[in-house]
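The values are calculated or read from the model by the stated rules, or taken from the named source; none is laboratory data. Fair warning: this is a prediction, and the values are worked out from it, not measured in the lab. As a convention, Cβ positions derive from the backbone with ideal geometry for all residues, glycine included, and neighbour counts pool all protein chains shown.
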Amino acid sequence: MLSAAVRHTARSVRLCSSYIKQTRFLFELKENDDICRKALKSGLFYLFHNLSPLLRKSGNGFCAPAVSGPDLLQVLSRCGKDQFNLEDSVLIGCSDSSIAQFALDLGSFEKSALEEEFSGNFTDFRTAVVKVEIEDGSLLPRARSLLHWHDSHQYCSKSGKPTQKNVSGSKRVCQSNGMIYYPQMAPVVITLVSHENRCLLAHQAGHPAGMYTALAGFCEIGEMLEETVRREVAEEVGLEVDSIRYSGSQHWPFPDSSLMLACQTTAKDDKLSINRAEIEDARWFTLEEVVEALQVKMTPSKLPDGTLPVWVPPKFAIAHQLIQEWVKEQRGLHGS
């Protein structure tokens, strides 16, 4: 049995962990308006304009610049607003040195003036998440989702009266009845179906031309993950699955905010019955065809015959990770 001194030392080491420090600090910011209000003064702000993030050229890529509170207020003053409340922002994280990070939407300002002041461009979000550097890759989706949620949940569903955001943006409260609303994510399964040495990829009407991806669908009330996978595969392509393996998860900010739950799935047979109300097309692809599709860039040029090559979602999407995982497994099975 460990001595009391050893247990105390072990506990102290755990509490010195930078992750634990950050987590505890974020908890205080979310729960205590006064602490969060103080953190706003020394915090860093990631800027949006109507949910499009500010990006700036950085080396061979792009970054989302973080602006200090005082610098931000100076710029906003030059852009015509001497009084601006930083509490309209939402808390999205903190740095290793416990500097709070916020996101703020400046949609009420003239966009071109802000872009000139900050030496950047407000970029469509779907384009931005492809361009941005990895370290900003998790902050921006979180920021967009929170900003969008607050913009679309300003009234109480029971009383119809306005709700009030707390300083951090971790919740909204109806002052008339005390109801508390928290940001929510909708669970979505995304599954790569395989049969023997081929995998199934599908194209939906809303997808860019030529892009094929894994099957996906929202979980219904009362469903477990496995039940949703079986139902979605049966609904969309008329297949029955005989094994499901969880692979990973990803926050997905479109259209609002979803939690993508990724699975590898095997089908009992390969006879497709496509539900055209759900998807436009679905095909079985060999390993060679999938590898070729992975090498095609987004929005590719037409082939000599006028058709578009098949391509798959970009690297930041968990669908891409599922496909890469399948390729790796197939190569391991066949020694290639």
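Could you list, in sequence order, all residues of the stretch 284-313 that are under 26 Å from Arg126 (Cα atoms) and either exposed (fewer than 11 other Cβ atoms within 10 Å of the Cβ) or in contact with an Asp or Glu (Cβ under 7 Å, 6 or more places away or on another chain) (or both)?
Hits for the stretch 284-313 are Gln295, Lys297, Ser301, Leu303, Thr307.
Residue by residue through the stretch 175-228, note down the ones that are farther than 26 Å from Arg142 by Cα and of a type in the set (A, V, I, L, M).
Matches in the stretch 175-228: Val193, Leu200, Leu201, Ala202, Ala205, Ala209.
Which one of Gln264, Gln250, Gln295, Gln321 is touching a Leu at 6+ places or on another chain (Cβ under 6 Å) and either touching a residue at least 12 places away in the same chain (Cβ under 8 Å) or at negative phi (or both)?
After ruling out the rest, the residue left standing is Gln264.
If Ala143 meets every condition in (1) in contact (Cβ under 8 Å) with a residue 12 or more places away in the chain; (2) farther than 25 Å from Leu29 by Cβ apart from one, which number is that one?
(2)
Restricting the first residue to the stretch 35-60 and requiring it to be surrounded by fewer than 23 Cβ atoms within 10 Å (Cβ to Cβ), which pairs with a second residue that is assigned to a helix (DSSP H, G or I) and charged (D, E, K, R) meet a Cβ separation below 6 Å and a spacing of at least six or different chains?
Note: pairs meeting the criteria are Ile35/Glu28; His49/Lys111; Leu51/Arg144.
Given the residues Ile221, Ile274, which is the only one that is farther than 30 Å from Leu51 by Cα, surrounded by fewer than 18 Cβ atoms within 10 Å (Cβ to Cβ) and hydrophobic (A, V, I, L, M, F, W, C)?
Selected residue: Ile274, the only one of Ile221, Ile274 that is farther than 30 Å from Leu51 by Cα, surrounded by fewer than 18 Cβ atoms within 10 Å (Cβ to Cβ) and hydrophobic (A, V, I, L, M, F, W, C).
I need the full set of residues from the stretch 104-117 which are assigned to a helix (DSSP H, G or I), surrounded by fewer than 19 Cβ atoms within 10 Å (Cβ to Cβ) and touching a residue at least 40 places away in the same chain (Cβ under 8 Å), in order please.
Lys111, Glu115, Glu117
Does Ser68 meet the test of being out of contact with any Gly (no Cβ under 7 Å at 6 or more places or on another chain), free of Cβ contacts under 8 Å to residues at least 12 places away in the same chain and not aromatic (Phe, Trp, Tyr)?
no
What's the number of the only condition in (1) in contact with a Pro (Cβ under 9 Å, 6 or more places away or on another chain); (2) under 28 Å from Pro314 (Cβ atoms); (3) modelled with pLDDT under 95 that Gln175 fails to meet?
Tallying (1) in contact with a Pro (Cβ under 9 Å, 6 or more places away or on another chain); (2) under 28 Å from Pro314 (Cβ atoms); (3) modelled with pLDDT under 95, Gln175 fails exactly one: (2).
Counting just the residues of the stretch 132-148 that are at pLDDT below 80 and assigned to a helix (DSSP H, G or I), which one comes out nearest to Asp105 (Cα to Cα)?
Checked the stretch 132-148; the qualifying residue nearest to Asp105 (Cα to Cα) is Asp136.
So in the stretch 167-203, with the set limited to residues that are surrounded by fewer than 21 Cβ atoms within 10 Å (Cβ to Cβ) and touching an Asp or Glu at 6+ places or on another chain (Cβ under 6 Å), which one is nearest to Arg144 (Cα to Cα)?
Within the stretch 167-203, the match that is nearest to Arg144 (Cα to Cα) is His203.
Within the stretch 134-147, identify whether any single residue is among the β-branched types (Val, Ile, Thr) and in the same structural domain as Leu91 (by TED's automatic domain parsing), and answer yes or no.
The answer is yes; a qualifying residue exists.
Any residue that is under 30 Å from Gln164 (Cβ atoms), assigned by TED's automatic domain parsing to the domain that holds Val310 and surrounded by fewer than 18 Cβ atoms within 10 Å (Cβ to Cβ) - is there at least one of those in the stretch 258-270? Outline the logic, then answer.
Within the stretch 258-270, the first condition is being under 30 Å from Gln164 (Cβ atoms), and the residues that meet it are 258-259.
Narrowing the set further to residues that are assigned by TED's automatic domain parsing to the domain that holds Val310 leaves 258-259.
Now narrow it down to the ones that are surrounded by fewer than 18 Cβ atoms within 10 Å (Cβ to Cβ): 259.
Yes; the residues of the stretch 258-270 include at least one that is under 30 Å from Gln164 (Cβ atoms), assigned by TED's automatic domain parsing to the domain that holds Val310 and surrounded by fewer than 18 Cβ atoms within 10 Å (Cβ to Cβ).
Tell me, please, whether a residue that is touching a Lys or Arg at 6+ places or on another chain (Cβ under 7 Å) and assigned by TED's automatic domain parsing to the domain that holds Tyr246 can be found in the stretch 301-308.
Taking the stretch 301-308 and keeping what is touching a Lys or Arg at 6+ places or on another chain (Cβ under 7 Å), we get 308.
Restricting the remaining residues to those that are assigned by TED's automatic domain parsing to the domain that holds Tyr246 gives 308.
Taking every residue of the stretch 301-308 in turn, at least one turns out to be touching a Lys or Arg at 6+ places or on another chain (Cβ under 7 Å) and assigned by TED's automatic domain parsing to the domain that holds Tyr246.
Kindly indicate whether any position in the stretch 302-312 is part of a strand (DSSP E or B) and among the aromatic types (Phe, Trp, Tyr). Can you show your working first?
Of the residues in the stretch 302-312, the ones part of a strand (DSSP E or B) are 311.
Now drop any that are not among the aromatic types (Phe, Trp, Tyr), which leaves 311.
Checked the stretch 302-312: at least one residue is part of a strand (DSSP E or B) and among the aromatic types (Phe, Trp, Tyr).
Given the structure, is Gln101 of a type in the set (S, T, N, Q), out of contact with any Phe, Trp or Tyr (no Cβ under 6 Å at 6 or more places or on another chain) and touching a residue at least 40 places away in the same chain (Cβ under 8 Å)?
yes
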